[in-house]
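In what follows, a structure is listed as C-alpha cells, so that the remarks can point back to it.
The values are calculated or read from the model by the stated rules, or taken from the named source; none is laboratory data. Every value quoted in this text rests on a predicted model; they were computed, and no experiment measured them. Using ideal geometry, Cβ is built from the backbone for each residue, glycine included, and neighbour counts are taken over all protein chains shown. All accessible areas refer to the heavy atoms of the entire protein, side chains included, with ligands and DNA or RNA removed. Shrake-Rupley method; radii C 1.70, N 1.55, O 1.52, S 1.80 Å.
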Amino acid sequence: MQKRTWLVGVAAGAFAFCASTASGDVLYDTGAHQGVLFNGAPTNLGWTSGDTGAMPQRWTAQPFTLPDGLWNLDTIFAEFFVPAGLPTDIAWRIWNRTGSDAPGEADEVASGSVVYSGVPEDPLAVDVDLGGGDYYLTVYGIGNTIAWFTNAPDGINFLDADGNPWMWRSESYPDPGFQFYQLSTDVLDVDPAVGSDPADLFNAAFRLEGTLIPGPGVLALLAIAGGLTRRRRRV
C-alpha cells in the first residue's frame, strides 16, 4: 500500500483535480500527480510548502509557460494534502522566469493568499493579468504547512548535465533564496508499478485557468457589434 509522505503520505490510490468551477480556459496543466518510490516504498509524495520553523519559506518554484496574449489568471488548482494542523490560508507567488535561472525578488510579479476552505481540492481564486511567457509558481500554507504532490506527468522538466531531474527550492526567501535541489535515486525514484517518466519526479501538480484579455481592436469590434445589436432590438 502506498503511503503519503511530505518531506521533500494518505493511502494508495489516485488523486485527481476536482472539476473546474471557473469559466476560464485552461492556460497550463501539469496533470494529476503519480506515485513514486520514496526510500524504496510506494508513496504519494508531497513537497513541504510553508513555514517549518527552521525553514520559514520552505517553497518550491515550479516553472510554467502561458500562451501568447494577455491573460487574466483567475484560478489556481494546486494538488496537495495537509499533513498536520490546518493552515489558515493558502498563499501563492509568481515570478518571471528566464530559462531555468532561479527566481529572485526582482522577478516577482504577483502574490496573494486565500482563506483555506478546509478542502485541499478547492480552487484558489486569484485575479492577475499576465502576458504570454515563462514564469514560476509557488503555493504554500500559512499557519501550517501543506504538502504539494509531486511527479506530475506534463510539467516542465529541469535536467542536469547527466539528464537527472532537479528543482529550485528555498529555505528562506529572499535571502539566500532558491537553491538547486536534487535527491538521490536511492531516496526518490519512479515506482515501476506506475511507470512514469523519471524526468517528472520534481514536478508539483497544478493547473491554471483564466481568460484572454482582448486587444484594443477586438474591444472596438465588440463595441460595434453591441451597438448594432441594440439598434436592431430598438427596431
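Overview of results
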quantity: Protein accessible area in the range 43-187, 1.4 Å probe - carbon and sulfur %; calculated: 47 percent
quantity: Summed side-chain charge close to Thr88 - residues other than Thr88 whose Cβ falls under 15 Å, Lys, Arg +1, Asp, Glu -1; calculated: -3
